[in-house]
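Let me begin by presenting the structure, written as structure tokens, before commenting on it.
Each value in this text was obtained by applying a stated rule to the coordinates, not by laboratory testing. Quick caveat, the model's predicted, so the values are computed rather than measured. Here the Cβ positions follow ideal geometry from the backbone for every residue, glycine too, while neighbour counts run over all protein chains shown.
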Amino acid sequence: MQAAQHNKMRKQRGNGNRHAGHGSQRLTSDRELRIGVFRQPAMQTPVLVLNASYEPINICGARRALVLVLKGVARTEEEQGAVLHAARMNVAMPSVIRLLEYRRIPHQTRALSRKNILLRDRNACQYCGIVLTAAELTLDHVIPRSRGGLSTWENLVACCHDCNRRKGNQLLSELTDMKLQREPRSFSLHTSRHIMRMIGSADPSWRRYLYFESEPAA
């Protein structure tokens with residue numbers, strides 16, 4: 001079913017490029033975000049990271065979460081349901097982990113990295129809007145490096161390989177059929193929390209830690 005939906009989205013991409021005006025730009029929905037982020041290999045499945053105070057502070061891959069748990073740096077608060085079968089032990093795959101020591105999180109922009117760029121852009125190509133997995137996306141310099149563009153939050157965006165080839169070494173001002181879906185900005189703590197809420201909105205194991213209003217009693 002996911003493969004059929006992925007093919008359908010690819011077919012729709014051409015129409016999205018031909019109608020790239022502001023009124024027709026397709027914003028990534030919560031559902032599409034979850035498809036793109038959670039449709040990852042098992043060891044890259046997103047895990048919610050809580051501070052020792054139970055405050056949500058980050059999202060990491062399942063592999064990193066398991067390392068933190070096995071090192072005694074964190075404990076598993078919620079499980080995915082899957083089990084990793086190792087040579088000497090079976091380990092439940094975490095969905096939510098909590099750090100055992102409180103970490104002070106500075107209120108500043110996060111580190112510039114491929115993972116954070118993809119999270120900020122919600123695993124969607126910023127030119128055609130298609131939602132893909134991390135492995136299917138690349139990063140594009142809006143102003144190409146060969147033309148003076150820098151590797152900054154404001155000049156890096158998630159991009160599918162097709163759009164990356166089409167854009168090539170050109171500026172957007174030189175193209176008539178490619179526009180950014182949203183202005184790229186730095187990834188603040190506020191942005192991070194917003195994305196955590198979007199990803200976890202349909203996951204009961206995340207919702208309880210993301211300050212959603214309590215569900216009315218049945």
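Table for the structure above
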{"read-out": "Of the chymotrypsin sites (Phe, Trp or Tyr not before Pro) in region 109-215, those whose Cβ has at most 13 other Cβ within 10 Å and which sit in DSSP loop", "value": "Y211, F212"}
{"read-out": "Ranked H85, H161, H141, criterion: other C-beta atoms within 10 Å, fewest first", "value": "H85, H161, H141"}
{"read-out": "Residue order, fewest to most beta carbons within 10 Å, for L84, L137, L70", "value": "L70, L84, L137"}
{"read-out": "Computed over region 66-218, the ratio Rg/Rh where both radii use C-alpha atoms and Rh is Kirkwood", "value": "1.06"}
